[in-house]
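The values are calculated or read from the model by the stated rules, or taken from the named source; none is laboratory data. Just so it is clear, the structure is predicted and the values come from calculations on it, not from any experiment. Cβ: placed from backbone, ideal geometry, glycine included. Neighbour counts: every protein chain shown. The protein model used for the area step is the full one, side chains on, heavy atoms only, and it has no ligands, DNA or RNA in it. Shrake-Rupley method; radii C 1.70, N 1.55, O 1.52, S 1.80 Å.
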Amino acid sequence: MSAARELRLRNDFAELRRMSEWLADACAAFQVPQGLRFDLDIAANEAVTNIISYGFENSASHQIVLRVSRQRDRVAPEIDDDGRPFDPLRYPEPATPASLEEAPIGGLGVKLMRGLIRDCRYERRDGRNRLVMAGTCPMPQGATPLEPSGEAAPSRPRGSDRRRRTMTPEELSAAGIAERRSQRDRRRAGFISASRFLSGVPYHLVEDVLARCSVRNLNKGDVLLAPGQMNDCMHLLQEGQLRIHLDSPDSGDFIPVQPVDCIGELSILDGKPVSAYVVAHEPSRVLAIHESVFWEVLLPIPEVAKNLFRVLSERMRLNNELILQRMKDHLVLEQLRQELRIARSIQSSMLPAGWPMFPGRGDVDICASMDPAEEVGGDFYDAFFVGRHRLFLAVGDVSGKGVPAALFMARAMTVLRTEALRGRPPHEILDWLNASLCENNDASMFVTILCGLFDTRSGRFTYSNAGHNPPYAGRAGGYYELPVPRGPLAGIDPDARFSSAECRLARGDTLVLYTDGVPEAMDAAQRPLSEGRLVSLLQAAPRGSARDLVEAIRAGVAGHVQSAARSDDITLMVLRHRG
């Protein structure tokens, strides 16, 4: 693969923009990697700017020729001019400053060029200067390797080893203009080329000004600007990434700012305080351009003004899109919240009401509560009489939370009520419930449940269990866990069968049913309440009504959880046998 292109330039700074665009097109055609294109552009602008500024004795018409050739894995820009003789490779390299802020203006341009380009060669032939800058790049895909034409400069190692010997004072004097041709500082050249705000702006108009602007290094999380702050600088991001947050500096809602983007220009234009947070998402470097430089030096440049309007219009369009999307999201969220409020109201209406339930009966005192972790939950309870003295009780917990769990809960409660009212014993009720929930259960949801029949005359409690927590029975000697028959989760195996057990409550005894959200309630350190602590709460509760015991347990759970987010629904049912 071998190809070449040529561009002839007038001795005019206005030609620098045309040269950069032409060089970019040539590098793209030769499939030069982006990083090498960037380096070649900076080096070429440095060399041509020096030629235009100091290379000629008079203002007569002169012509500068730029050629770019690609040979196998090498690309070689060549700059040819008829100005004064000057070999940048033999010019003594200035000492590197300790930091950019301490660097003097001027003298570093040649150092920058030599630091960017791997291989350079200079020669003076027939009254013309010829500078070749070669870079190595991979062969384009599908290209056929050809032998090089022999014009490329031989490879030299990077660093100080490739420098030529220092010119003697006599040679410098003979060159005449050598020192003056290296006095401009190109430290901002690459950044100017890449910035959208400065795109197309001739380097010589702004480079010295930007070289005097302050640079700020930010660590991750540093706040560059904050709402209400008065700002007198426009900031150009050179390295890293910034984020614009409209609400708080650590919110997940933000607008990213990429390198070469600008921030803070609006507060300079309208003189008002900053309206958003600008935070460093990673270690970043920004160039601060004071408003005096912005108004007096940059804005009068036509390319800068045009670019500024383009940046502002793009940002305004983006902000409008974000605002519209936020409004849509807000409306959708508000509609969803309204639907969830309705769903919670419907779910609450399905549960037996009253604190306590059945207040007209003197033989039983029963109270229950369900506190969902979300707007709607998967826990449920039920209590109703299936005869004058037979009370059906159930407490269940559906897998998952939210709307899907609430719908599955409604399905389970419907089957329970239907089968209980038919007079079936508890284990047969669970047989029917399990078979029903297994049908069309593509989501593989399930429910744990403990249900039973309590005879208010005899105090006998017959119950069955489907993978649920055992209940507690309490009497004067304290609380103890009731043994439960082993039963699988309901909704998994259609062939599963359940069995029943029974106990007898004396007058004044208490029965406590609950879901696992009670002993598993987590505090901020992710420590559960535990079964042991639940028993302690029961033991310490006053011997009052069923409602008093429910409120005492809820208060104990709330004291353990405190400000931690609720991890699961919390459901309780307490029955006291009055006889």
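Some observations on this one:
- Scanning region 409-444 for residues that are in contact (Cβ under 8 Å) with a residue 60 or more places away in the chain and under 45 Å from the mean Cα position of the chain (by Cα), we see that the one that is most open to solvent (accessible area, probe 1.4 Å) is A410.
- Within the set A95, A103, the sole residue that is small (G, A, S), modelled with pLDDT under 80 and open to solvent by 20 Å² or more (accessible area, probe 1.4 Å) turns out to be A95.
- With respect to (1) touching a Phe, Trp or Tyr at 6+ places or on another chain (Cβ under 6 Å); (2) part of a loop (DSSP other than H, G, I, E, B); (3) of a type in the set (A, V, I, L, M), the lone exception for M573 is condition (2).
- Residues of region 496-521 classified as outside any loop (DSSP other than H, G, I, E, B) and either touching a Gly at 6+ places or on another chain (Cβ under 6 Å) or not assigned by TED's automatic domain parsing to the domain that holds L433 (or both), total: 2
- Looking across region 6-30, the residues that are over 39 Å from the mean Cα position of the chain (by Cα) and either open to solvent by less than 20 Å² (accessible area, probe 1.4 Å) or at pLDDT 85 or above (or both) come down to E6, L7, R8, L9, R10, E15, L16, R18, M19.
- Any chance V75 is within 30 Å of V286 (Cα to Cα), touching a strand residue (DSSP E or B) at 6+ places or on another chain (Cβ under 9 Å) and modelled with pLDDT of 80 or more: no
- Pair list, Cβ < 8 Å and 6+ apart or interchain, from region 347-364 residues that are open to solvent by 60 Å² or more (accessible area, probe 1.4 Å) to residues that are of a type in the set (S, T, N, Q) and part of a loop (DSSP other than H, G, I, E, B): R361/T456
- Index of the failed condition, A3 passing every other in (1) surrounded by fewer than 17 Cβ atoms within 10 Å (Cβ to Cβ); (2) assigned to a helix (DSSP H, G or I); (3) among the aliphatic types (A, V, I, L, M): (2)
- Scan of region 31-83 for residues that are open to solvent by 40 Å² or more (accessible area, probe 1.4 Å), in contact (Cβ under 8 Å) with a residue 60 or more places away in the chain and part of a loop (DSSP other than H, G, I, E, B), ordered by number: Q31, P33, R72, D73
- Tally, over region 545-563, of residues that are open to solvent by less than 80 Å² (accessible area, probe 1.4 Å) and in contact (Cβ under 8 Å) with a residue 12 or more places away in the chain: 10
- Residue list for region 365-389, restricted to those being at pLDDT below 90, assigned to a loop (DSSP other than H, G, I, E, B) and either in contact with a Phe, Trp or Tyr (Cβ under 6 Å, 6 or more places away or on another chain) or under 22 Å from V512 (Cβ atoms) (or both): P372, A373, G377, G378
- Subset of region 213-270 [among the charged types (D, E, K, R) and closer than 26 Å to E321 by Cβ]: R243, D247, D250, D253, D261, E265, D270
- Number of the condition not met by A564 [criteria: (1) modelled with pLDDT of 90 or more; (2) among the hydrophobic types (A, V, I, L, M, F, W, C); (3) outside any strand (DSSP E or B)]: (1)
- Qualifying residue in region 390-399 (condition: part of a loop (DSSP other than H, G, I, E, B), open to solvent by less than 20 Å² (accessible area, probe 1.4 Å), in contact (Cβ under 8 Å) with a residue 60 or more places away in the chain and touching a Phe, Trp or Tyr at 6+ places or on another chain (Cβ under 9 Å)): no
- Looking only at residues in region 227-241 that are surrounded by 16 or more Cβ atoms within 10 Å (Cβ to Cβ) and out of contact with any Asp or Glu (no Cβ under 8 Å at 6 or more places or on another chain), the one that is modelled with the lowest pLDDT is Q238.
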